[in-house]
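Data first, discussion second: the structure below is written as structure tokens.
Throughout, read-outs are computed from the coordinates displayed, never taken from laboratory work. Predicted model only: the values in this text are computed from it and were never measured. No Cβ is skipped: glycine too gets one built from the backbone with ideal geometry, and neighbour counts run over all protein chains shown.
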Amino acid sequence: VKNYGEFEFWFALIKIVTIIAMVVGGIGVIAFGFGNDGVALGISNLWAHGGFMPNGVQGVLMSLQMVMFAYLGVEMIGLTAGEAKNPQKTIPNAIGSVFWRILLFYVGALFVILSIYPWNEIGTQGSPFVMTFERLGIKTAAGIINFVVITAALSSCNGGIFSTGRMLYSLAQNGQAPAGFAKTSNNGVPRRALLLSIGALLLGVLLNYLVPEKVFVWVTAIATFGAIWTWVMILLAQLKFRKGLSASERAGLKYRMWLYPVSSYLALAFLVLVVGLMAYFPDTRVALYVGPAFLVLLTVLFYVFKLQPTNVSQGAVRSAS
């Protein structure tokens, strides 16, 4: 955990510094004309060239699947609860900070890019990040952005390996995965679980070799399906958990879901909408073949290995007694 946190800190720092620099520099271009002979560009590009939302609601709906992919991993906050020293304080703080991170790194960056460059020209002349830095006079912008992209990819791999390995280790401890994955090294690292996680990543390399022109859409669609399944399970578990609480237990909750239960049902409806959109478009439809097939495979393996989930509460009572 320590090494994961150390690597992720530096990987994240590189991304954060780069995006903040781009946003600040972009605001300088928009408001003060930096790199544009002192002529402020303004934000008219947001509604020019066809108007705001030029492709209508359909364009927004078509982009949802790819947009959802950008939010993969937010559920990792919950995974860290078992590692945190004071989860009642740190987890709510982490969840609350997600809003501000989205506002700065997603909305802020897109606001700057779409204000400086017409939406229908983005990507035709290179990366908008590179173009923004070059406009500010940074000639080595391409090399800098390439370095940041590599560190971002490493960060994604780092997070994926950690979360998948830890989840598999936890499942094995609870009797929901083969017991071998619960074994750790002398320093507590679940090596077998991590090796399986790394092996899964190598499938992406194989797909990139076999179908390079389709692999990105396929992988993002399949990953999005996996995330949607995870989020649906989290929402259903949360709904069942809250219904099982007494009035006094509900009153004692330290961190409550905003507008429960309406917000939970709205989130479920939105996820169903995204799945429907994935089924509508041929390129993303592959996820609805692979995803359910993988779930069936997991179910078969569950019975093949004769797994017996551990009743945590009963185990705790027995150990306490």
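Relative contact order of segment 214-309: 48 percent, from C-alpha pairs under 8 Å at least 6 residues apart in sequence. Mean residue ellipticity at 222 nm, helices only, the chain: -22500 deg cm²/dmol; runs of at least 4 DSSP H residues each add -39,500 (n - 2.57), and the sum is divided by the number of residues. Straight Cα distances below 24 angstrom link K306 to the lysines K183, with same-chain residues fewer than 8 positions distant left out. Modelled label positions at Y265 and Y280, each set 7 Å beyond Cα in the direction of Cβ, lie 2.4 nm from each other.
Sequence-distant contacts, meaning Cα pairs under 8 Å at least 6 residues apart, place the relative contact order of segment 144-287 at 19 percent.
The trypsin sites (Lys or Arg not before Pro) of segment 60-146 meeting both criteria, a DSSP state outside H, G, I, E and B (loop) and at most 13 other C-beta atoms within 10 angstrom of the site's C-beta, are K85, K139.
Annotation for segment 175-238: trypsin sites (Lys or Arg not before Pro) lying in DSSP loop with at most 15 further Cβ atoms inside 10 Å of their Cβ are K183, K214.
Highest mean packing first, where packing is the average number of other Cβ atoms within 10 Å per residue, the peptides 8-18, 240-250, 196-206 line up as 8-18, 196-206, 240-250.
Largest GNM mean-square fluctuation among T124, T140, T284, using the chain with Cα springs under 10 Å: T124. Just check segment 125-267 against the gyration tensor rule for me: Cα atoms, a ≥ b ≥ c as the square roots of the eigenvalues, rounded for a/c under 1.5, and otherwise prolate or oblate depending on whether a/b exceeds b/c. In terms of gyration-tensor shape, oblate. How high is the FRET efficiency between L245 and V211 when r is their beta carbon distance and R₀ equals 45 Å, given to the nearest 0.05? Once rounded, the FRET efficiency stands at 0.40. Just need log10 I(q)/I(0) for segment 214-309 at q = 0.17 Å⁻¹, Debye formula, equal scatterers on the alpha-carbon atoms, no solvent, rounded to two decimals. Taken in order of the listed q values, log10 I(q)/I(0) reads -0.88.
Its relative contact order, with pairs defined as Cα atoms under 8 Å and 6+ residues apart, puts the chain at 21 percent.
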